[in-house]
1. Assuming residue 216 fulfils every condition listed in (1) under 18 Å from residue 175 (Cα atoms); (2) free of Cβ contacts under 8 Å to residues at least 40 places away in the same chain apart from one, which condition is it?
2. What helices (runs of 4 or more DSSP H) completely inside the stretch 1-93 contain at least 3 residues that are touching a helix residue (DSSP H, G or I) at 6+ places or on another chain (Cβ under 9 Å) and among the β-branched types (Val, Ile, Thr)?
3. Restricting attention to the stretch 123-142, does a residue exist that is in a helix (DSSP H, G or I) and within 30 Å of residue 53 (Cβ to Cβ)?
4. From the list 227, 284, 299, which one is loosely packed, with under 15 Cβ neighbours inside 10 Å and either under 18 Å from the mean Cα position of the chain (by Cα) or closer than 20 Å to residue 105 by Cα (or both)?
5. Inside the stretch 167-178, can you point out the residues that are crowded, with 16+ Cβ neighbours inside 10 Å and either polar (S, T, N, Q) or over 19 Å from residue 145 (Cα atoms) (or both)?
6. Please enumerate the residues belonging to the stretch 13-34 that are surrounded by 12 or more Cβ atoms within 10 Å (Cβ to Cβ) and among the aliphatic types (A, V, I, L, M).
7. Among the residues of the stretch 185-204, is any assigned to a helix (DSSP H, G or I) and within 24 Å of residue 110 (Cα to Cα)?
Amino acid sequence: MDRPTGIITRTRDWLLSDTPASATQAAAGRAYLGLRLFGRNRLAVLGLAIIVALVALALFAPQIAPYDPIATDLTNRLQAPSTSHLLGTDEVGRDIFSRIVWGSRLTLYIIGLVAIIAAPVGILVGTVAGYFGGFIDIVLMRLTDIFLAFPKLILALAFVAALGPGIENAIIAIAITSWPPYARIARGETITFRNADFIRAIRLQGAGPIRIITGHIMPLCLSSLIVRVTLDMAGIILTAAGLGFLGLGAQPPMPEWGAMTSTGRAYILDHWWLITMPGTAIFVVSLAFNLLGDGLREVLDPRSDS
């Protein structure tokens with residue numbers, strides 16, 4: 001019994017050492033302290049648990065969903081929640097629980113692609129503008145201001161109207177409207193770092209602007225961007241749901257949560273579960289990403305008092 005305890009104690013002492021012997025030990029120590037700080041935030045842990053459950057639903061949707069999400073069964077239409085249909089059925093007899101489970105895949109697909117597209121564009125624009133300054137900064141930031149001047153949903157509606165309805169076009173439209181805040185954050189971080197002594201030392205060693213931006217400045221901006229991207233996941237979900245609600249996102253019979261609420265609104269008075277169940281899914285997942293983002297901000301923000 002004493003040996004495992006001794007191993008745990010030595011490992012903790014190694015992680016918390018004030019004089020790490022290597023970069024690996026220092027990085028492991030920072031990660032350990034970050035995990036301890038994150039674990040003390042119960043709401044953030046709850047948000048992470050919900051997101052892990054969402055990912056599990058998406059991965060094991062075929063095994064979890066008891067029914068085909070798009071197969072209709074008019075003999076079971078508008079059934080209230082029961083043991084055979086946990087969340088009821090919709091206007092054409094499709095099981096709502098199965099559709100929500102399969103819809104989790106669409107939700108992760110949307111937010112994943114938007115983050116992959118928007119975050120790199122934002123960090124590139126922001127670091128280039130902040131590093132070079134002058135005319136380049138003015139042009140890029142005025143372009144950013146143009147996008148920020150419009151509400152995200154309204155701008156996404158305009159792009160989807162131009163591109164046409166569909167899940168892929170909705171993702172492109174949301175990504176186009178999501179990069180400006182990342183550019184603003186990256187520019188602010190870059191202005192802080194660009195005249196630092198270590199950047200001047202790198203210049204004296206012969207490094208060019210591309211190497212400095214990609215190899216040294218961008219990594220320093222990642223922690224702030226990770227927090228912002230996590231917090232923006234809720235907005236991405238709501239924008240995608242709004243486009244689906246208006247018929248411009250995922251098209252029937254795809255089990256997208258926003259489209260499900262749109263079809264359910266016609267039955268809201270007598271068959272409340274049609275709109276309540278997908279609406280609750282949107283609310284819970286959006287809240288989870290906000291809680292997780294708050295927890296990550298405490299851990300990753302170097303200006304945090306924690």
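1. (1)
2. Numbers: elements: 2-15, 23-39, 42-59, 61-64.
By residue number, 42-59.
3. Within the stretch 123-142, the subset in a helix (DSSP H, G or I) is 123-132, 134-142.
Filter once more, keeping what is within 30 Å of residue 53 (Cβ to Cβ): 123.
There is at least one residue in the stretch 123-142 that is in a helix (DSSP H, G or I) and within 30 Å of residue 53 (Cβ to Cβ).
4. Details: 227 fails: loosely packed, with under 15 Cβ neighbours inside 10 Å; 299 fails: loosely packed, with under 15 Cβ neighbours inside 10 Å.
So the residue among 227, 284, 299 that is loosely packed, with under 15 Cβ neighbours inside 10 Å and either under 18 Å from the mean Cα position of the chain (by Cα) or closer than 20 Å to residue 105 by Cα (or both) is 284.
5. Our first condition is that a residue be crowded, with 16+ Cβ neighbours inside 10 Å; within the stretch 167-178, this holds for 167, 169-178.
Matches in the stretch 167-178: 167, 169, 170, 171, 172, 177, 178.
6. Narrowing the stretch 13-34 to residues surrounded by 12 or more Cβ atoms within 10 Å (Cβ to Cβ): 14-17, 20, 25-26, 28-34.
Hits for the stretch 13-34 are 15, 16, 26, 28, 31, 33.
7. Kept after step one, since they are assigned to a helix (DSSP H, G or I), are these residues of the stretch 185-204: 185-193, 197-204.
Okay, now just the ones that are also within 24 Å of residue 110 (Cα to Cα), so 185-186.
Checking the stretch 185-204: at least one residue is assigned to a helix (DSSP H, G or I) and within 24 Å of residue 110 (Cα to Cα).
Here's the yes/no breakdown for (1) over 30 Å from residue 40 (Cβ atoms); (2) buried (at least 21 other Cβ atoms within 10 Å of the Cβ); (3) out of contact with any Cys (no Cβ under 6 Å at 6 or more places or on another chain); (4) free of Cβ contacts under 8 Å to residues at least 12 places away in the same chain:
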position: 223; (1), (2), (3), (4): no, no, yes, no
position: 240; (1), (2), (3), (4): yes, yes, yes, no
position: 243; (1), (2), (3), (4): yes, yes, yes, no
position: 254; (1), (2), (3), (4): yes, no, yes, no
position: 274; (1), (2), (3), (4): yes, yes, yes, no
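Each reported figure results from applying straightforward, stated rules to the coordinates on display, with no laboratory input. As the structure is a computational prediction, the values presented were derived from the model and not from experiment. When we count neighbours, we look across all protein chains shown, and the Cβ atoms used for this are built from the backbone with ideal geometry, even at glycine.
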